[in-house]
1. How high is the relative contact order of chain B, in percent, counting Cα pairs under 8 Å that sit 6 or more residues apart?
2. Write out the trypsin sites (Lys or Arg not before Pro) in region A:12-92 meeting two conditions: DSSP loop, and at most 13 other Cβ atoms within 10 Å of their Cβ.
3. Could you give the nm distance between label points at residue A:200 and residue A:140, where each point is 7 Å from its Cα heading toward the beta carbon?
4. Of the options B:119, B:209, B:34, report the single residue whose Cα projects farthest towards the positive end of the charge dipole of chain B (beta-carbon charges: Lys, Arg +1; Asp, Glu -1).
5. Compute the distance from the alpha-carbon center of region A:15-63 to that of region A:88-163, in whole Å.
6. Can you list residues from other chains, or at least 5 along the same chain, whose modelled amide H is less than 5 Å from the amide H of residue A:110?
7. Across the residues of B:209-218, average count of Cβ atoms on other protein chains within 10 Å?
8. Using 7 Å Cα-to-Cβ label points, what is the residue A:32/residue A:66 separation (nm, one decimal)?
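Every number in this text was worked out from the coordinates using simple rules, so none of it is lab data. Everything quoted here is computed from the prediction, not taken from an experiment. Heads up, the Cβs are rebuilt from the backbone with ideal geometry, glycines too, and the neighbour counts pull from every protein chain shown.
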Amino acid sequence: MTQKLLIGFVADLNGNKNAIFSAEPVIRVDGTDYLAHNGRHDAASLVAITAETATYVHRFRESSHRPHASGDVVWLIGASLRGSIDSVNPLLPVLRRVRDWETYEVQGFAWTTGSRTALYDLRMQARNAVQPLLLSAVADDMELRAGDGRTYFELFSELSPVEDLDYFLTRALYYRQLRDLNREELTAVYAAGILRQVRSARHFRKLLHRRIADLNAERVVSASTRTVPIATGAMSEYWRQAFSSTLFISNFDTRPFRLSSQEHALRMAHLEALTDRRALDVWSPWELEDRDRDRDRVGNRLHAVEVGQHLRTPTVTSDEERG
Amino acid sequence: MKLMPWIQGMRDYEASNQKAESATSTDPAPMAWQEIVFRRLTGRLEGISQGKGTRFAEHVLELAEPHVYYGVGRNSPDFGDFVIVFDPVSDDASGGAVAPFDTGGLASGHSRVRAPLSFRRMAAIVRDASIPTSTHQRALRQWIRRAFARDRDYLADDKNLTPSEHLIPEIIVQPGVDQRRWAWEARLPARDTEPDLLRPRRLYFRDDYRARYQRWVDQDNRMDLATAKQHMRMIARSGRPVDRPYDVMMKGLQNGWLR
C-alpha cells in the first residue's frame with residue numbers, strides 16, 4: 001500500500017493569528033503532491049498540486065513530514081489565541097493539548113492533525129469552559145471594562161465552532177453590558193439573518209431579554225440575596241421578563257403596578273441610573289445602602305426586590321401594555 | 001444562456017515564500033484575509049494587496065495601474081477558503097476589461113505558446129484581446145457556442161473538455177491543460193468603485209470563516225450603523241458556510257442555482 005505523507009497545508013494565515021481552525025492537508029503520494037479535500041484519500045478528493053498552485057502551499061520542514069491518515073485535516077492555532085488560552089485556568093485541559101502541537105515557522109502558528117469533528121468537539125469543550133467566566137465578568141463593571149472580560153469574550157467567540165443562538169445571545173449580552181448598542185444591534189441583525197429560530201432583530205432582542213431574566217433568576221437563586229434585575233429596551237418587555245423569572249418587584253406599599261407610561265418611564269430611567277448600567281447583578285449590602293440613599297434623594301419610592309419569596313405575579317398594566 | 005458571474009477565490013498568494021521572506025522582505029505586508037474580503041465586497045479596491053506574481057505580470061503586460069482580477073463564469077484553482085460570486089460588471093466607466101484567458105499565466109510563462117513571445121508581444125496580445133465590460137457577456141456567449149459542443153461544457157470540471165478554438169492563436173490548448181488557459185478573466189482598476197458597481201451574489205466560506213469575517217466586520221469602524229447593518233444582512237443572506245467552497249460554487253453554477 002502506498003504511503004501517504006503529510007507535507008503541508010493550504011490556508012491563508014494572514015488574519016488568523018487569533019483563531020483556531022482547520023486547513024486542507026497537502027499529502028505526497030508516490031512523489032506527487034496533492035491537496036486532499038477534507039483529508040480524504042479517494043481520487044475525487046485529491047487535487048494535484050501544479051507548478052502554478054505550488055505557491056499556495058505551506059510546506060512543513062522535512063523532519064515534520066508524517067504519515068497521513070485519511071480524514072485528518074491540519075489543525076492550526078494562532079499565537080495570539082494560544083497566548084490567551086494560556087492565561088485562563090479553566091482552559092488548562094485545552095492548553096495541555098495545544099501545548100503539544102508542533103510549531104510552524106510562519107507567524108508563530110502551531111499545528112497538529114485530526115478530524116474536523118474532533119476539532120469541533122475540542123473547540124466546543126473550550127467554549128463551554130470559558131462561557132461561565134464571561135457571564136460572570138459581564139456582571140462586574142471592573143472585570144468587564146478593566147479586567148478579563150474582553151479576553152473571555154474573544155476566547156468565547158474564537159473558540160466557538162458554530163454560530164448558534166447561545167453564541168449570539170452571549171455576544172449580544174457582552175455588548176449590552178458595555179452599552180455598545182450598535183454592536184448589539186449588528187449582532188441581532190446578523191443572527192436574525194442566519195438562524196431560523198430568530199424571526200427578526202426585534203425577536204432576537206426579546207430572546208436576549210429572556211436570557212437576561214433567566215440569568216438573573218439563576219444568580220438570585222444561587223446567591224439567596226436581594227437583587228434587582230436589569231434589562232433595558234421596551235419597558236413592557238422588561239417587566240414581563242422580570243416577572244416571568246419569578247423576580248418580584250414591588251413599590252414601597254406593595255400595590256401591584258398600575259403605572260402610567262410616564263411613571264413607568266421615570267421608574268425605568270431611575271432604575272437604570274441606580275444600577276449603574278449593570279445587568280445580571282447581585283448587589284452587595286453596601287451597594288444596596290448606597291442605592292437606598294439614592295432612592296431617598298430622588299424621592300422615588302422604588303422598593304428593593306425580594307426574590308424567590310414572592311412568586312406571585314402582579315398584574316402589569318402600563319399604558320403601553322394596555323395598548 | 002445566463003449571465004456569467006465574476007468570481008474571486010482566495011488562497012495565500014505566497015505561502016511558499018513566507019518563511020524565507022519574513023525577515024527581509026521590503027514588500028508591503030499582505031492584508032489580513034478579512035480586510036481583503038471586506039474591500040472586495042465593498043469596492044474599496046484602492047491599495048488592496050497583490051501577490052508578487054500579479055505585480056510582475058502587470059509590469060510585463062504594461063498595465064498602467066494595479067488591477068483586481070475575476071474569473072468569468074468559473075475560477076481556478078479549485079480550492080481555497082472562500083469564493084465570492086459577483087454579478088458581472090457591464091459599466092465601461094469602471095475602466096475594467098475582459099481577456100479571453102488568464103493574462104497572468106501568459107506573463108509568467110504558464111501558458112503554452114506556439115513560439116516564444118517577447119514581453120512586448122505579450123503586452124500587445126493582452127491589449128488587443130481586451131474586450132469592454134459592456135459587451136463581454138455577448139462575446140463570451142458567442143465564443144462558447146463556437147468552441148464547445150454544449151454551452152455547459154464551459155463550466156465542466158473535466159480538464160479533458162477543452163475548447164476547440166482559442167481567441168488567441170498564439171496560445172495552445174490541449175486536453176488536460178489548466179482551465180485558466182482558456183477561461184475568461186475580468187479585471188478592474190484597483191480604485192475605489194462606485195457603491196453599486198460590485199454586487200455580491202453569493203459568498204462561500206469554508207468552515208467558520210463566515211463567522212470570523214462577521215466578527216471582524218463587527219469590530220471594524222469604517223461603516224456607519226445603517227451601512228454596517230446592510231452589510232451584515234448581505235453576509236447572512238448570501239454567505240454559505242460549506243466544506244468545499246469551490247466545489248459548491250461550481251455545482252451552483254452548473255445547476256443554475258446562482259441565478
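1. Values: 389 pairs, mean separation 75.0, N = 259.
Relative contact order, chain B: 29 percent.
2. Values: sites: A:17, A:28, A:40, A:59, A:61, A:82; in loops: A:17, A:40, A:61.
Loop-located and lightly packed - A:61.
3. 3.9 nm
4. With unit charges placed on the Cβ atoms, the residue in question is B:209.
5. 26 Å
6. Amide H to amide H, under 5 Å and 5 or more residues apart or across chains, residue A:110 pairs with A:77, A:104.
7. That works out to 6 on average.
8. Label at residue A:32, label at residue A:66, 2.7 nm between them.
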